[in-house]
1. Return the only residue of 371, 278 being within 30 Å of residue 18 (Cα to Cα) and either at pLDDT 80 or above or of a type outside the set (Asp, Glu) (or both).
2. Restrict the check to region 22-33 and report whether at least one residue is more than 60 Å from the chain's Cα centre (by Cα) and surrounded by fewer than 17 Cβ atoms within 10 Å (Cβ to Cβ).
3. Using the structure shown, decide if residue 428 is polar (S, T, N, Q), at pLDDT 75 or above and not in a helix (DSSP H, G or I).
4. Of all residues in region 240-249, which are open to solvent by 70 Å² or more (accessible area, probe 1.4 Å) and either in a loop (DSSP other than H, G, I, E, B) or under 16 Å from residue 48 (Cβ atoms) (or both)?
5. Please work out if residue 186 is within 23 Å of residue 143 (Cβ to Cβ), out of contact with any His (no Cβ under 7 Å at 6 or more places or on another chain) and in a helix (DSSP H, G or I).
6. When you scan region 3-17, do you find a residue that is farther than 30 Å from residue 299 by Cβ and open to solvent by less than 40 Å² (accessible area, probe 1.4 Å), even just one?
7. Residue 90: assigned to a loop (DSSP other than H, G, I, E, B) and surrounded by 12 or more Cβ atoms within 10 Å (Cβ to Cβ), yes or no?
8. With respect to residue 115, is the statement that it is free of Cβ contacts under 8 Å to residues at least 40 places away in the same chain and among the aliphatic types (A, V, I, L, M) true?
Amino acid sequence: MQAATFRSTLTTAAVVLGFGAFIALLSWGEYANWKAQVARVETSLIQTAEAITQHADDTIEMSWLSLASLISEIRDEQHHPEMPAKIETAIAFQMRASPTLDTLSYIDATGQMVATSAEGAPAKMNYADREYFRFHKSSPFRLPVLGKPIKSRLSHRWVLPISQRVVLPDGSFGGVVVSTIRVNHFIHVFRNFGVSSDRSFLLLRGDGIVMARGPMEETLLGSNISAHELFADHLKVRTVGAYDYQSPVDGKVRIGGFYQSGRTGIVVLAAASEREVFLEWTGTAKARWFYAAVLLAVTSLAALHWRHQLKLRRESEAQLAAREAEFRLLAESSSDVIARFDEAGIREYVSPSSKQILGIEPQRLIGKSVFAGMAGDAEATVRSAAERLQDGSMQEQFIIKHTKPDGEEVWLETALSKLPAREKAVATRVVAITRDVTQHKKKQDELDALANTDELTKLANRRFFNNRFGEMMQRARRNRMPLSLLMIDADRFKQFNDTLVMPPGTNASGRLALSCAIASNGPAISSPVMAVRNSRFCFPTPISKGHELSQKEFACKCACWRWLTKATRPLVMSRSASDWPLCHQKRQPTSPHTPCLARPMPRSTVQRMLDAIRLSVESNPT
């Protein structure tokens with residue numbers, strides 16, 4: 001019982017661990033899917049940042065070309081009286097060649113607007129206060145410079161100024177050429193990538209100045225974020241990568257992918273809200289979660305059902321153990337032999353009373369076949385009962401003779417009962433209860449002998465004749481063999497008994513019965529003599545081949561018989577079982593002593609009967 005409880009606890013623990021391992025594996029799989037989703041988003045953001053950076057590089061470089069061409073035109077037409085017109089013509093040509101530019105302008109050394117592509121520009125507007133103008137006027141730096149985002153005085157839109165110092169042939173400061181690119185241009189490019197509304201990007205100068213932000217956030221334009229972790233940590237290590245950060249604009253946690261240009265130093269940071277990425281991932285993971293939930297529910301129900309079945313099984317095993325203990329207690333307290341054996345006849349349990357009833361210790365019987373050591377007829381009886389149990393019978397009972405090891409013979413009555421199988425695959429077991437019925441058998445045999453024996457002649461009586469003759473008739477029909485019936489009627493037997501005293505008559509009847517019994521003891525006759533009345537005896541016998549008498553020989557024998565006995569009248573009927581009702585119809589009416597001859601009587605039988613009767617008559621002439 002303790003071992004079963006331990007196995008049950010161990011199995012339950014294994015199931016719980018397996019269930020936990022399944023949940024852990026499922027969780028780990030979903031976590032891996034989430035990480036894979038984040039990695040895909042980071043890769044996508046890095047690719048977006050790289051694409052915007054390349055576009056910004058191309059746009060700025062195209063602007064550089066326009067500025068260089070315009071400076072060359074200014075230096076060539078410096079002293080020409082129609083220089084402003086020619087400059088405007090050159091500006092128009094460059095604007096057609098560079099559609100990404102918003103405006104292209106020339107400002108002289110005093111800050112006055114000489115020529116511009118902007119429509120409706122007021123004449124003689126001064127730009128000396130602009131930062132880029134002051135920078136170039138005070139600095140000898142001749143290369144193009146990307147300035148901070150400014151709000152255009154002409155279009156009132158946020159633009160990125162790209163300016164370059166004009167150096168005259170004599171080396172003096174000749175003004176500034178300026179091209180502008182609208183900030184919204186980069187925002188439109190970012191939106192063309194099909195990003196969601198919750199995604200953003202930053203276009204940054206190499207020193208951390210914010211050049212553009214999408215969605216548009218004017219407060220950030222021109223601000224310096226060089227102290228941000230992007231510049232402080234990541235760009236110092238690599239120019240391409242991804243990281244998580246909290247946006248200072250909306251406070252959202254974002255996943256960002258950055259890329260820094262090696263041509264212009266422009267940095268682009270494309271970012272997506274982590275919540276947006278999570279919602280997108282959950283949208284694709286809902287189907288997996290649904291199937292996982294269904295699987296977990298089915299597994300949980302199966303586990304609960306299994307636990308319930310396990311509980312029922314433990315209760316059943318406990319009840320079975322209690323019943324088995326009760327059965328063992330009853331079996332060991334019983335005076336009868338109680339044994340249990342399997343379908344093959346191997347004993348599994350034998351009660352201690354086998355020592356008194358069978359004369360054998362129970363330990364010597366356990367594990368051995370019930371057929372071991374049995375006599376042939378007893379083994380046949382037991383095997384027949386076992387076959388009936390296998391065919392569906394639930395109980396069988398039989399009586400066999402058993403010889404103990406000390407030679408004592410006893411009669412045993414055994415009752416077999418089939419036990420219900422615990423499982424379909426388990427073989428059926430049988431319980432046998434055996435008791436000693438030797439005394440009962442002896443008394444039963446004595447009662448049967450008294451009931452079937454004639455008290456006067458000590459032969460089988462009429463009751464026994466009726467039962468035995470019916471059996472012999474059935475056997476004759478089944479084997480298709482003839483059946484003979486010999487009846488002897490002693491003449492004037494009543495006169496003999498009335499004239500003489502009973503003891504002599506009794507002695508004569510007994511001697512006649514003895515003579516019939518001696519005559520019937522031969523190979524042709526297989527049944528005992530039966531006393532039908534005090535003066536009538538009969539014995540049916542089957543006829544075997546080679547022992548028949550012809551009709552003439554049988555008539556001669558009957559005549560000799562009558563001459564010898566002079567006191568008996570034989571009535572011999574030899575016939576097959578199928579024509580018994582025709583025997584009396586064949587009797588000859590002229591002679592009352594002529595026997596009915598349907599078939600010849602075996603010669604040896606008649607001869608032995610005549611010899612026995614002759615000896616009986618000679619020894620007792622009365």
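The values are calculated or read from the model by the stated rules, or taken from the named source; none is laboratory data. What you see is a predicted model, and the numbers here were worked out from it, not measured in a lab. No Cβ is skipped: glycine too gets one built from the backbone with ideal geometry, and neighbour counts run over all protein chains shown. Accessible surface is based on the protein model in full, side chains and every heavy atom, while ligands, DNA and RNA are left aside. Shrake-Rupley method; radii C 1.70, N 1.55, O 1.52, S 1.80 Å.
1. Checking each option against the conditions leaves just 278.
2. Taking region 22-33 and keeping what is more than 60 Å from the chain's Cα centre (by Cα), we get none.
No: zero hits.
3. So residue 428 does not fit the description; no.
4. If the condition is that a residue be open to solvent by 70 Å² or more (accessible area, probe 1.4 Å) and either in a loop (DSSP other than H, G, I, E, B) or under 16 Å from residue 48 (Cβ atoms) (or both), then 248 is the only one that fits.
5. Numbers: within 23 Å of residue 143 (Cβ to Cβ): yes; out of contact with any His (no Cβ under 7 Å at 6 or more places or on another chain): yes; in a helix (DSSP H, G or I): yes.
So residue 186 passes the test.
6. no
7. no
8. yes
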